[in-house]
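Asker: Quick one: the structure is below, and I'll ask about it shortly.
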Amino acid sequence: TNSRYPLVFDSAGFVQGMQALLQLGRARMVISTQGDRGCMALVRGEELTVEEPVKAEPLLVGGERCTVYSCPAVKVEEVVDTTGAGDSFIGGVIYGLLNEWQLDT
């Protein structure tokens, strides 16, 4: 948290916190990494076709059509160190977006 977005995720669930962040600006999406529970993305606009295990749920945010995507974490045999795992994941997402990959790929 910081002074501009104080405790938005402590006072509400993840989806409500993501809605609050999306309504604060012009972002197209808000992504929440959730460790061994996977990740969620709240995206403005039309719903993409997704395949299991990804789930998509339509949601109105401030009267605007959005979609909540949730994806479980990939199971691994042995976790050595999780330091920076979420940052690395988001770096990969940003790389994909900059290269115009679709969220469903």
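The values are calculated or read from the model by the stated rules, or taken from the named source; none is laboratory data. Here the structure is a predicted model, which is why all the values come from computation and not from measurement. A quick note on method: Cβ atoms are made from the backbone with ideal geometry, for glycine too, and the neighbour counts reach across all protein chains shown.
Asker: Which ranges mark the strands (runs of 3 or more DSSP E) fully within the stretch 18-105 that have 2 or more residues being free of Cβ contacts under 8 Å to residues at least 12 places away in the same chain?
Answerer: Numbers: elements: 29-33, 39-44, 55-61, 64-71.
Hits in the stretch 18-105: 55-61.
Asker: Across the stretch 50-105, which residue is modelled with the lowest pLDDT among those that are in contact with a Phe, Trp or Tyr (Cβ under 8 Å, 6 or more places away or on another chain) and hydrophobic (A, V, I, L, M, F, W, C)?
Answerer: Only one residue fits best here, namely L103.
Asker: On to the next question. Suppose we keep only residues that are surrounded by fewer than 12 Cβ atoms within 10 Å (Cβ to Cβ) and hydrophobic (A, V, I, L, M, F, W, C) within the stretch 41-95. Which one would you say is nearest to R28 (Cα to Cα)?
Answerer: If we take residues in the stretch 41-95 being surrounded by fewer than 12 Cβ atoms within 10 Å (Cβ to Cβ) and hydrophobic (A, V, I, L, M, F, W, C), then I94 is nearest to R28 (Cα to Cα).
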